[in-house]
1. Of the residues P153, P130, P158, P122, which single one is assigned to a loop (DSSP other than H, G, I, E, B), at pLDDT 55 or above, exposed (fewer than 13 other Cβ atoms within 10 Å of the Cβ) and of a type outside the set (K, R)?
2. Just to verify a result, which residue in region 183-241, among those that are under 26 Å from the mean Cα position of the chain (by Cα) and among the acidic types (D, E), is surrounded by the most Cβ atoms within 10 Å (Cβ to Cβ)?
3. So, in region 29-46, of the ones that are under 20 Å from the mean Cα position of the chain (by Cα) and closer than 20 Å to T126 by Cβ, which residue ends up surrounded by the most Cβ atoms within 10 Å (Cβ to Cβ)?
Amino acid sequence: MGSTFRLVVTLPEAEPDGIRPDPAGPPELRGLRMLVLAPDDLGRASVVEQLRSWGSLVEAVSSPTEARIRLFDESWEDRPGVLIVDDAMSAEVGRLAPLGERLPRVLVRRPGAGGPARTEQPDSLTVSEPIRRSALREAILRALRPEAIVSAPPSRSPLPSFGLRVLVAEDFETNRELVCQMLRLLGCRAEAVPDGRLAVEAAVRDRFDLVLMDLEMPGLDGLQATAEIRFAERGKGRYTPIFAFTAHALEEDHRRCRDLGMDGILTKPIRMANLHAFLSEFLSSRSGRNALTPV
């Protein structure tokens, strides 16, 4: 009879789908939530594998309906995310409102895809197949932070941040969480309240560099809350910049907000690029004078 041998080998626990995170991958993307929307497995596989190798938290779906369900999961409210969309489905992004259409997004264009009209979307960045690791990384970073310098080598140094403490007063929970996530990506400390009364209490109790105030909230609206904050600041040597956070941006709205003590208007819907530009202008204005020029 032949001999019988037994060999015991201890192996590390396998990562999901057999993919081990690359320890040298971009730290900015580690733990970042990604939703990949592509119509077939072939269109999703290479992108998903690359994102997971960087340590990103990736979900892949094949339809706008599935994507919408994922976006309203509570996990998307806890952390920021990026939407990766196959060019063939770029026209479907509007069906992901309100959260999906305002997420930073990157379009993946396949060889032979339709004309440029399908990919020319001002709030998206595009990479083409076959996808290079560096191109995908830089497109995601640019979508997240418009100030990232893509021509610089991947030095792993942290991106610039604004370092502001911001109070967000917004009654619609999805909008509130989305704005806070974008502010945090831009290096701000964001705190949120769902109504005007709580906004007044927070602004009087604590010091904020900036308040973003929705105009239409139940109970005490944004204009009333601003008036109460201004009254409370009298004689205390305090002045908190307050900007209206609204979809209305007519000259009459600007004038009404200024008359009632606001510093200007930040127009909804908020995009990452717009928010970045707004905060840059805010810091520039604050460094030159106490009262800000409305934007």
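1. Values: P153 fails: at pLDDT 55 or above; P158 fails: at pLDDT 55 or above; P122 fails: at pLDDT 55 or above.
From the options P153, P130, P158, P122, the qualifying one is P130.
2. Within region 183-241, the match that is surrounded by the most Cβ atoms within 10 Å (Cβ to Cβ) is D214.
3. To start, the set of residues in region 29-46 that are under 20 Å from the mean Cα position of the chain (by Cα) comprises 29-37.
Within this subset, residues satisfying the condition of being closer than 20 Å to T126 by Cβ are 29, 32, 34-37.
Numbers: L29: 19, L32: 20, M34: 21, L35: 23, V36: 23, L37: 28.
That would be L37.
The values are calculated or read from the model by the stated rules, or taken from the named source; none is laboratory data. The shown structure was predicted, so the numbers you read here are calculated from the model rather than taken from an experiment. Cβ coordinates were reconstructed from backbone atoms using ideal geometry, including for glycine residues, and neighbour counts include every protein chain displayed.
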